[in-house]
Amino acid sequence: MAFREPSESIDALALRARVRTLKIGVWPTLFICCVLVAYCVWTWDQPHRTALIVLVVFTCASTLGVARVPIESLVRGRWREPFFLSWSAALVGTITLSAALDGGSSSTLALMFFLPLMYTALSYPLPSMLAVAALTVGSYAALAWGSGEIGTPYVFVFAGALICGAWMCAWQAQNLDAQRRELGRMSRTDWLTGALNRRGFEERLEADVADAKRRGTPLALALIDLDHFKEINDTHGHAAGDELLCWVVESLRGGLRARDTIGRLGGDEFALLLDDDDPGARATVARLLDGLAPRARASAGVAAYPGDGAAPDRLHQAADAELYARKHSRGDTPVNRELSWAAAVASAVDARMAVRHEHSVAVTQYAAAIAAALGWGGQRLELLRVAAMLHDVGKVRVPEHILRKPSGLTEGEFAQIAKHPMAGADIVRRIDGLAGIADWIAHSHERLDGTGYPDGLSGDEIPEASRILLVADAYDAMTSDRAYREALTSAWAREELRRNAGTQFDADCVAALEAHLDALIGALPVPQAAGANR
């Protein structure tokens, strides 16, 4: 699929350039008017000096009048090019008349013919610049013809220099146009995958919604999120993650039509714009997810215009809500509905800690993998997912400056942090149906050797669920960026877990997590390219 430009009347980068050039162009014009006045005084014994002075004053007044025009609204409007061409034509006409009053094509003032060329090369699009160049060269030729100097060597050389200058200015205008187009494309394109980035996709969504309203055509937005992507980065490195992201985009692109649009909103989040109604879009997304499944399981949410919303933000909210529900609650059991809202609460807690990824979601995935390996299943496993999602909820009672502190904690600050498991348990215990998992959260920081908190439990006194949560939480904490340090490697974190198995961590839980991570590594291909996808 080719990149499609947004439907704005003029690119924002070019708009700003035109506005700046117009504002700056006023001052050189006023400066050259001052030079001309000095020239007239210097050569006052020559004819037509009074007429030249009047022409210069008129030019100054016109330039100041242009400076008072509402420039941005003018540049955005449909009369933009006629205005700029008219202004340039007026400048060329003024130069031609000035040179004619000063003696014709051999006048010193004919040198000013180069000024409109240089000015237009700075910001005019190529067609407008060529029009000004043709007018400039033609005006000089007419001046030479009118003064009877059309065949002189001076006119021949001057005209040649003028044509060469117009040629170089045209090349520069073309080069600037190409640079602006490339910068516009780069500013809207994800450098890694070649899909639209968030900015580009949001512009495309806004344009397509407006088009759907005008034409009455169907449109659907699909949001796709890869499952367990952080585990791939942690276990096989970011090069493998980059390679997988590129493969996902190529796979999605191969299953879409030319008129559909794909974007990467960030990390492992993708979005599609489909020219389909709701049933057709859902069938397309289901087919695409089936195609990704062998290498990358994913969740998706779909919203259709206008049933799910008639504005871009409403469509995005509807698709995001469905994605969230599908990603965090497979099925519609009461426990899974609890997991859905628990994920929303956990996201808010993670944001307070300035965590740059969904820490609670990652802990939930690791904990579920450990528990499944230990034989957990059914509703018990689903309740563990809820507990894992809410394991840090007690941190809502910890001051934000402590959670975000970029250095070590004082004794008093750590004492406040150590209260969060019990605080979280108190919160969860008040929720109907979840009182049974409150103890799991309360003891999720107990150590096997009895040196943990809050109660100093040891060995089998610690609920198995709490031991699972401790290992999952510790691994994700070590392999994620924190306010006080950058993420550690998966190999380092695994070695740390092994070294403390039997004292801090349950050895069976550590072994189960390692087996899960090894299985992920075994399922990955050899990476083809390196980069960074964080």
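The values are calculated or read from the model by the stated rules, or taken from the named source; none is laboratory data. Keep in mind it's a predicted model, so treat the numbers as computed, not measured. Here the Cβ is made from the backbone with ideal geometry for all residues, glycine too, and neighbour counts use every protein chain on show. Just so you know, the surface numbers come from the protein's heavy atoms only, side chains and all, with ligands and any DNA or RNA stripped out. Shrake-Rupley method; radii C 1.70, N 1.55, O 1.52, S 1.80 Å.
Using Cα positions and a limit of under 18 Å, work out the lysines in reach of Lys23, with same-chain residues fewer than 8 apart set aside.
Output for Lys23: empty list, no partners.
Can you show me the helix-derived [θ] at 222 nm for the chain, built from DSSP H runs with n ≥ 4 at -39,500 (n - 2.57) apiece and divided by the number of residues, rounded to the nearest 500. Write down the numbers at each step before the final one.
Numbers: 22 runs with 332 residues, N = 534.
After summing the helix terms and dividing by the residues of the chain, the value is -20500 deg cm²/dmol.
Tell me the angle of helix 378-389 to the major Cα principal axis of the chain, expressed in degrees between 0 and 90 and rounded to the nearest ten.
For 378-389 against the chain, the angle is about 50 degrees.
Over the Cα atoms of the range 161-205, each weighted equally, I'd like the Debye log10 I(q)/I(0) at q = 0.22, 0.27, 0.30 Å⁻¹, rounded to two decimals.
-0.72, -0.88, -0.95
Give me the base-10 log of I(q)/I(0) for the range 73-137 at each q in 0.23, 0.29 Å⁻¹, Debye formula, one uniform scatterer per Cα, rounded to two decimals.
Treating every Cα as an identical point scatterer, log10 I(q)/I(0) equals -0.91, -1.22.
Considering the convex hull of the alpha carbon atoms of the range 221-309, report its projected area averaged over all viewing directions, in nm², one decimal.
Values: hull surface 22.2 nm².
Quarter of the Cα hull surface area: 5.5 nm².
What is the packing order of peptides 45-56, 94-105, taking the mean over residues of other C-beta atoms within 10 Å and listing the highest first?
94-105, 45-56
Given a 1.4 angstrom probe, I'd like the percentage of the accessible area of the chain that is carbon and sulfur, rounded to a whole number. Working shown, then result.
Working: 15240 of 25270 Å².
Roughly 60 percent of what the probe reaches on the chain is carbon or sulfur.
Which value, in Å³ per residue, describes the convex hull spanned by the Cα atoms of the range 395-472?
Details: hull volume 8.0 nm³, N = 78.
Expressed per residue, the convex hull around the Cα atoms of the range 395-472 is 102 Å³.
What does the extension gain come out to for Ile150 and Asp45, with contour length at 0.36 nm per residue minus their alpha carbon separation? All intermediate terms of the calculation are to be shown ahead of the outcome.
On the way: separation 105, 0.36 × 105 = 37.80 nm, distance 2.66 nm.
Additional length available on full extension: 35.1 nm.
Taking only Cα atoms of the range 176-334, what ratio of Rg to Rh do you get with Rh as the Kirkwood inverse-distance radius? If you can, show how the numbers build up before the last one.
On the way: Rg = 16.0 Å, Rh = 16.3 Å.
With Rh from the inverse mean 1/r over Cα pairs, Rg/Rh is 0.98.
Please compute the modelled spin-label separation between Ala418 and Arg485, points set 7 Å along Cα→Cβ, answer in nm with one decimal.
2.0 nm
Evaluate the range 120-244: find the radius of gyration of its Cα atoms, find its Kirkwood radius, and give the ratio Rg to Rh.
Details: Rg = 26.6 Å, Rh = 20.0 Å.
We get a ratio of 1.33 for the range 120-244.
Taking the Cα atoms only, what angle lies between the long axis of helix 334-352 and the longest principal axis of the chain, rounded to 10 degrees?
50 degrees
Under 21 Å between alpha carbons, and skipping anything fewer than 8 positions from Lys405 in its own chain: which lysines qualify?
Excluding near neighbours in sequence, the set is Lys395, Lys419.
For helix 312-328, report the angle its Cα long axis makes with the longest principal axis of the Cα atoms of the chain; keep it between 0 and 90° and round to the nearest 10°.
Once rounded, the angle reads 20 degrees.
Could you tally the net charge around Asp275, taking each other residue with its Cβ under 9 Å from the Cβ of Asp275, Lys/Arg +1 and Asp/Glu -1?
Details: positive: Arg257, Arg259; negative: Asp208, Asp260, Asp276.
Cβ neighbours under 9 Å give a net charge of -1.
Compute and list, largest first, the equivalent-ellipsoid semi-axes of the range 47-171 from the alpha carbon gyration tensor, each √(5λ) rounded to a whole angstrom. Don't jump to the answer; show the numbers that get you there.
Working: eigenvalues 139, 78, 18 Å².
They are 26, 20, 9 Å, listed largest first.
Peptides 135-148, 283-296, 114-127: what's the order by average Cβ count within 10 Å, highest mean first? The partial results should precede the final answer.
Working: 135-148: 17.6, 283-296: 15.6, 114-127: 20.4.
Highest mean packing first, the order is 114-127, 135-148, 283-296.
Near the amide H of Leu219, under 5 Å away, which other amide H atoms are found, from residues 5 or more places off or on another chain, if H is placed in the peptide plane?
Placed amide hydrogens put Asp276, Tyr305 under 5 Å from Leu219.
Just to verify a number: FRET efficiency for Asp278 and Ser62, C-beta to C-beta distance, R0 = 51 Å, to 0.05? List each step's numbers first, then the result.
Numbers: r = 59 Å, r/R0 = 1.15.
Efficiency, from the Cβ-Cβ distance: 0.30.
Assuming R0 = 25 Å, can you tell me the calculated FRET efficiency for the pair Ala372 and Glu250, based on Cβ-Cβ distance, to the nearest 0.05?
On the way: r = 32 Å, r/R0 = 1.26.
After rounding, the FRET efficiency stands at 0.20.
State, in angstrom, two size descriptors of the range 259-305 derived from its alpha carbons: Rg to one decimal place and Dmax to the nearest whole number.
My reading of the Cα-based Rg and Dmax gives 10.9, 31 Å.
Whole number please: convex hull volume per residue of the Cα set in the range 61-101, in Å³?
Working: hull volume 2.1 nm³, N = 41.
Here the figure is 51 Å³ per residue.
Which whole number in µm²/s is D for the chain by Stokes-Einstein, with the Kirkwood Rh taken over Cα pairs at 4 °C and 1.567 mPa s?
Values: Rh = 28.6 Å.
D = 45 µm²/s.
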